[in-house]
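This report concerns only the one structure given below.
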Amino acid sequence: MSLGYALRRIVEEYPLARADPPAGHPLAAVIRRGAPDELRRALQGIDGPFLVKGSPGRGTHWAAVPWLAAFDPAVTTSATQGYYLVYLFPADREAVHLSLAQGSVAAIREHGPRAGAHLRASGDALRERLADFADRLPVRAIRLGSAGELPEGYEAAHILGLSYDLAALGDEQRLRADLAAGVAAYRALRARGGLALPEPGPLRPGRAAGGPPGR
């Protein structure tokens, strides 16, 4: 198996797999073990370390959006907080997104119904911080095709990344090059201050908000 093959299996098989319980399902095993193993292999030789996890859901319920993620343990070990690199699988079409993402659950807990607006505003600022990656990771917004707090949170939490259709998943060399670009952006974000954004500075004397400079 390769990373592209593992991603393709999830894309193609997930809609039908959800008709059966996840316990003991072969695709749940691919998402929890097989795909993470392939992602670890693809990350070999790229500056680490990384904690790699895949989630098809919890307990007896499949996730609306399954994911496969790489975490820098110095930043976070969980998809709930911090920021991380993740493959997300839309519910409504045969595609997968590679996303440098913010932890949406922490934002939901802190900001409640304003979490989406907070994450999008933060994402806009973080894209400016990573402007030198705009050509390599040009996708600024993703759609996951599923209503609900978590899928909508994942959409809002996206910073930058790439999207693939099924045909693109056959190009293993491209997938690994894109993964390396994603890791480089992840490292750059950490070096440039992470999610911390500067507070608006005080107004200069003689200048009202939105007004012309004082003389």
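The values are calculated or read from the model by the stated rules, or taken from the named source; none is laboratory data. Computed from a predicted model, the values in this text were never measured in an experiment. Cβ atoms come from the backbone with ideal geometry, glycine included; neighbour counts cover every protein chain shown.
Which one is surrounded by the most Cβ atoms within 10 Å (Cβ to Cβ), of the residues in region 19-37 that are under 14 Å from Ser55 (Cβ atoms) and more than 18 Å from the chain's Cα centre (by Cα)?
Initially, region 19-37 is screened for residues under 14 Å from Ser55 (Cβ atoms), giving 22, 25, 27-36.
When the remaining residues are screened for being more than 18 Å from the chain's Cα centre (by Cα), the result is 22, 25, 27-30, 33-34.
Numbers: Pro22: 21, His25: 16, Leu27: 22, Ala28: 21, Ala29: 14, Val30: 25, Arg33: 11, Gly34: 18.
Within region 19-37, the match that is surrounded by the most Cβ atoms within 10 Å (Cβ to Cβ) is Val30.
What residue, of Val86, Val65, Val11, is under 19 Å from Val139 (Cβ atoms) and in a helix (DSSP H, G or I)? Outline the logic, then answer.
Numbers: Val86 fails: in a helix (DSSP H, G or I); Val65 fails: in a helix (DSSP H, G or I).
From the options Val86, Val65, Val11, the qualifying one is Val11.
Would you point out which residue out of Leu144, Leu162, Leu169 is assigned to a strand (DSSP E or B) and modelled with pLDDT of 95 or more? Give the steps one after another, and end with the answer.
Values: Leu144 fails: assigned to a strand (DSSP E or B); Leu169 fails: assigned to a strand (DSSP E or B).
On inspection, the qualifying residue turns out to be Leu162.
Which residue out of Ala42, Ala6, Ala69, Ala28 is hydrophobic (A, V, I, L, M, F, W, C), at pLDDT 95 or above and closer than 20 Å to Gly145 by Cα?
Within the list Ala42, Ala6, Ala69, Ala28, the selection yields Ala69.
State yes or no: is Arg127 over 28 Å from Trp62 (Cα atoms), in contact with a Lys or Arg (Cβ under 8 Å, 6 or more places away or on another chain) and surrounded by 13 or more Cβ atoms within 10 Å (Cβ to Cβ)?
Spelling it out, Arg127 is indeed over 28 Å from Trp62 (Cα atoms), in contact with a Lys or Arg (Cβ under 8 Å, 6 or more places away or on another chain) and surrounded by 13 or more Cβ atoms within 10 Å (Cβ to Cβ).
If Asp47 satisfies all but one of (1) assigned to a helix (DSSP H, G or I); (2) among the charged types (D, E, K, R); (3) modelled with pLDDT under 95, what's the number of the condition it fails?
All conditions are met except number (1).
This table checks each residue for (1) in contact with a Leu (Cβ under 6 Å, 6 or more places away or on another chain); (2) closer than 21 Å to Leu166 by Cβ.
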residue	(1), (2)
Glu12	no, yes
Ala17	yes, yes
Pro22	no, no
Leu27	no, yes
Ile31	no, yes
Val52	yes, no
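Looking only at region 114-141, how many residues end up being assigned to a helix (DSSP H, G or I) and touching a residue at least 60 places away in the same chain (Cβ under 8 Å)?
Residues that pass the stated criteria total 4.
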